[in-house]
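Bear in mind these aren't lab numbers, they're just calculated from the coordinates by the rules spelled out. This is a predicted model, so every value here is computed, not measured. When we count neighbours, we look across all protein chains shown, and the Cβ atoms used for this are built from the backbone with ideal geometry, even at glycine.
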Amino acid sequence: MTHTAVAQSMDDRLQREFDELVYRHYQQAYNLAYRLTGNAADAEDLVQEAFLRAYRFFERYDRSMPFMNWFSRILTNLYIDEYRRRGRLRTVSIDEVYSGEDGEEGTTKDLPDTAPNPLELALSNEYIHAIHEGLQYLSPEFRIAVVLADLEGYSYEEIAEITKTSIGTVRSRIHRGRKQLRDQIKKRHPNLFERGDLK
Amino acid sequence: MNCRYVQSRLSAYLDFELSGDEQQLIRSHLEECIECSCEFESLRRTKQLLRQMPIVKPHTGPEQVLVRVRHAQPAAPRPARPAWGIRWHPPRAWQYASGFALVAAILFWGRSEDTQTPPLTTASPTPSYFTPVSNPLFPTVAPELSTVYRPYAPNLFRRASYPMSEPSLLPSVSYPMDPMLGYQPVSEWNSIPSQPKFIETPR
């Protein structure tokens, strides 16, 4: 086998591995991007850019680390870069009534299919929107920390690794982020914080 | 353990991210303190709400990503770092300029001190402030020929000696008269007087 043929087969092997990882983690990556950016269009762009960057630097991926941890770092870095570049990301209120292109008045925006996991308790759409909107009020650093911890279920150590900060910083960001989010949700839905378990 | 301390750690407590002892301490505090337990309850509820957020499904599948990836080129491999640990960045060469300048200044200083003109005065046979000093790092003149080293750190920024007409902050030639010392011979004020002068003043 010639040198180029070896290189080619190596490339094929990496390519297949990468494809498999994309298929396996696309859903989770999109969910993370959607919660960070707050809307479907930006989330798709962010996910595509992040996978593209991951592919370009795939040779540097350390296999001892779970792919999603490595990929989350790429995605959150891209998100922060984009956030700073734009000043503030375009956030679209999902509740606002708008007039569609086809002239339909008084409809709200279509959200992507937010099919709930049947095992989880059903939050009404109204609450989901309130929480989603509340997340958008947080600063990007706090939002990343809260989303990684509470939606993606990462440990503080993993978040510190992903965001390249100390565990103390992660702890403080999660705490302050949750408090700000709680205040935001409480403003609109104080009943969610009344005693008793959720419906 | 005060409430402020406990409240700053409630999220970490909620996530089991504290040490065992600290978890225990906060748990016992929460049993006693209503204010902290209300705060904890609201944070617990916030986390609970977040965990119940549904997973969002994308409109497009991963195929679109893979199509884009097919056209992308992998990044160039990371350049190998030399064994001695310093990487030379041509565009950033100016960052090394100060280092080179310092080395050059030290070398040049050693040379320039020896070539400067000797003081024009010959009034004092004893070593004075204004005798030329050779750089001890680079003695280009044999020690026995060079003049006496100064006992203190040499002044790196001393001006080169100029001809007489050039005014200088440091007098390379003694003034004929010094208002502070009175009419003293030039040869005497090169050395610092060991005894202070007491001047009789009329009462």
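Based only on other Cβ atoms within 10 Å, what is the fewest-to-most ordering of B:109, B:94? Before the final figure, lay out the partial values.
Working: B:109 16, B:94 7.
Going from least to most buried by this count: B:94, B:109.
Between residue B:94 and residue A:167, what is the label-to-label distance in nm when each label sits 7 Å out along the Cα-to-Cβ direction?
Between residue B:94 and residue A:167, the simple spin-label model gives 4.4 nm.
If I take R0 = 25 Å and measure r between the Cβ atoms of residue B:16 and residue B:38 in this structure, what FRET efficiency does the formula 1/(1 + (r/R0)^6) give, to the nearest 0.05?
It comes out at approximately 0.75.
Taking the number of other C-beta atoms within 10 Å as the exposure measure, put B:45, A:173, A:24 in order starting with the fewest. Don't skip to the end; give the middle numbers.
Working: B:45 19, A:173 25, A:24 13.
So the ranking, lowest neighbour count to highest, is A:24, B:45, A:173.
Across all directions of projection, what mean area in square nanometres is found for the Cα convex hull of the range B:3-51?
Convex hull of Cα atoms, orientation-averaged projection: 3.1 nm².
Please compute the length gained on full extension between residue A:187 and residue A:28, using 0.36 nm multiplied by the number of residues separating them and subtracting their Cα-Cα distance. Don't skip to the answer; put the middle values down first.
Numbers: separation 159, 0.36 × 159 = 57.24 nm, distance 2.99 nm.
My answer for the length gained is 54.2 nm.
Quick one: B:3, B:33, fewest Cβ neighbours within 10 Å first, how do they rank? Intermediate values should be presented prior to the final figure.
Values: B:3 12, B:33 17.
By the 10 Å Cβ count, ascending: B:3, B:33.
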